[in-house]
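To start, the structure itself, in structure tokens.
The values are calculated or read from the model by the stated rules, or taken from the named source; none is laboratory data. Note that this is a predicted model, so its numbers are computed, not measured. Using ideal geometry, Cβ is built from the backbone for each residue, glycine included, and neighbour counts are taken over all protein chains shown.
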Amino acid sequence: MLDQQPPHQQAGNRQPGQVFDLVIIGGGINGCGIARDAAGRGWRVLLCEQNDLASGTSSASTKLIHGGLRYLEHYEFRLVREALLERETLWGIAPHIVWPLRFVLPYHRKLRPRWLLRLGLFLYDHIGGRKRLPPTRSVDLATDPTGTPLKPEFKRGFEYSDCWVEDSRLVVLNALAAQELGAIVLTRTRCLSAEHDQNVWNVTIRDEAGGAVSIVRARALVNAAGPWVDAVARSVTRTNERAPVRLVQGSHIVVPRLYEHDCCYIFQNADKRIFFVIPYEQDFTLIGTTDRDYDGDPGEVHASQDEIDYLCRSASDYLRQPVTRDQVVWTYSGLRPLYAGDGEDPGGAAQSATRDYVLKLIVEPQTPALLSIFGGKITTYRKLAEAALGQLQPHLPKPTGRAAGWTASVPLPGGDFPREGYDAEVAQAVARYPFLSHRHLRRLVRAYGTRIHELVGNAGSMAALGGRYGGDLTDAELRYLVAREWVRTAGDALWRRSKLGLRVSPGEVEAIEHVVRQSVAALPPVPAAAR
């Protein structure tokens, strides 16, 4: 099966009997973050994902790099501090897909008192090492432009900083960085079983496209399967300990743009939940999220009509112009795989369950290590990876590469420019590719950063980039995504490598699918590699 992977998924031919130091199950942000960090330290890594990268929880977030203001109410000070410290770190290593936002929190006289909001924001400003992001300020909503979309009863508020992230691209860039450091990343590859023999895991994997089955060997195994973490523990690793996971569903809706300015809103509800209203993809507004327990197949999660109505109703409580169900152009939903053991109250409110990550290491005499990952926020994925490798290091060979903590300063692919340098990168691209529109180039630089040149190459006209679809997607970009970023379907390109699915017609989707299939078929064969 490994022989059948395209060359960009395989880091050289393996020798007979080679044992990976680490096999990771799950291609979400935690699995890919661990793979990048481990490969950089010199360990031999293989990651397998049953679907596309970021096809689960990691592409269904609210797209924020934030501390989690509401977590302060639950006394999660360690989590909030760690997340706040990570904001500027991630902005620094990925300035193309991470950038600052300003959030407006209106004061609601029937909910949390003003002094409590002020205290929370004071802590938010001062416990997380904020250096470049601007501080909190009070806002007179009666005169400030951010008050214009709101109902007139909201007269006072606060404005503070957090950051945006293209969440699924963050996953892909970590996977790409891991691969460039020697890791093997296999998508559409299901882990069927893992059995230990003489201190080594024998992991059986299956290529879901071709059906070929092979066995890889590993000194340690990481279960980073997200909502499937318990299923993997029971049916794959067959350990005696179950993985106690609580699945909490969060859904979002997207509607046409509701206001002109670029600030976001954080609104409170009477049920003590908070939700966000955020400018999205230039022409839209993102509203979310919900919090409710989920019981069912993680692959079937979707936004319910109740959730859609809840978000429309909640936003309408604050906005002058009501948000209605008929405005919704897209919905998405994901599951937070939260830890449900060690005294956690399974009957407590979903929004109060901890979002902190929990790492469970199982090491028994004469058996290799197994680490299971629970919870976590996309903001803290890098620190989770460091903590995971800290637990695994005693059970792995001595690292031969970079020291722990290296991921805080090394840019992700395409992010090798100053954190405030996005506009300068766009200006350079405009000068180099005058035949592309400014809007098109801004999107390409946001997605690929300095690697835009690998995509556009020496093209001197739009015609040289081939067919063109909604949102300025071209055949050249599709071919790049297939060759470099594991795209295998139109959905991979339109909803996880981008959000251009909001702009293409059904007929264009069929044409895009055809180009993707042709590009996959044209990939060069891979030399036979020992199983």
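Taken as a whole, region 286-299 holds at least one residue that is out of contact with any helix residue (DSSP H, G or I) (no Cβ under 9 Å at 6 or more places or on another chain) and within 30 Å of Thr146 (Cα to Cα). Evaluate region 495-510: report whether one residue or more is assigned to a helix (DSSP H, G or I), in contact (Cβ under 8 Å) with a residue 40 or more places away in the chain, crowded, with 21+ Cβ neighbours inside 10 Å and over 21 Å from the mean Cα position of the chain (by Cα). The answer is no, given that none of the residues of region 495-510 is assigned to a helix (DSSP H, G or I), in contact (Cβ under 8 Å) with a residue 40 or more places away in the chain, crowded, with 21+ Cβ neighbours inside 10 Å and over 21 Å from the mean Cα position of the chain (by Cα). Checking the conditions here, which among Gly491, Gly466, Gly415, Gly501 is touching a His at 6+ places or on another chain (Cβ under 6 Å) and at pLDDT 95 or above? Answer to the check: Gly415.
Does Glu195 fit the bill of being assigned by TED's automatic domain parsing to the domain that holds Ala35, at pLDDT below 95, more than 21 Å from Glu300 (Cβ to Cβ) and surrounded by fewer than 23 Cβ atoms within 10 Å (Cβ to Cβ)? Taking the combined requirement at face value, the residue satisfies it. Set side by side, the residues Arg156, Arg190 differ, and just one is within 22 Å of the chain's Cα centre (by Cα) and either under 30 Å from Asp21 (Cα atoms) or at pLDDT 95 or above (or both), which is Arg190. For region 21-30, a residue qualifies if it is more than 11 Å from the chain's Cα centre (by Cα) and buried (at least 24 other Cβ atoms within 10 Å of the Cβ), and the qualifying residues are Leu22, Val23, Ile24, Ile25, Gly26. Looking at region 445-467, can you tell me whether even one residue there is outside any helix (DSSP H, G or I), buried (at least 21 other Cβ atoms within 10 Å of the Cβ) and out of contact with any Leu (no Cβ under 6 Å at 6 or more places or on another chain)? Within region 445-467, not a single residue is outside any helix (DSSP H, G or I), buried (at least 21 other Cβ atoms within 10 Å of the Cβ) and out of contact with any Leu (no Cβ under 6 Å at 6 or more places or on another chain). Against the test of being aliphatic (A, V, I, L, M) and either at pLDDT below 95 or within 20 Å of the chain's Cα centre (by Cα) (or both), the options Leu181, Leu173 yield a single qualifying residue, Leu173. Restricting attention to region 89-114 and to residues that are at pLDDT below 95 and out of contact with any Phe, Trp or Tyr (no Cβ under 8 Å at 6 or more places or on another chain), the residue that is surrounded by the most Cβ atoms within 10 Å (Cβ to Cβ) turns out to be Arg112. When the test is whether a residue is under 20 Å from Leu53 (Cα atoms), surrounded by fewer than 21 Cβ atoms within 10 Å (Cβ to Cβ), in contact with a helix residue (DSSP H, G or I) (Cβ under 6 Å, 6 or more places away or on another chain) and touching a residue at least 12 places away in the same chain (Cβ under 8 Å), Gly210 passes it.
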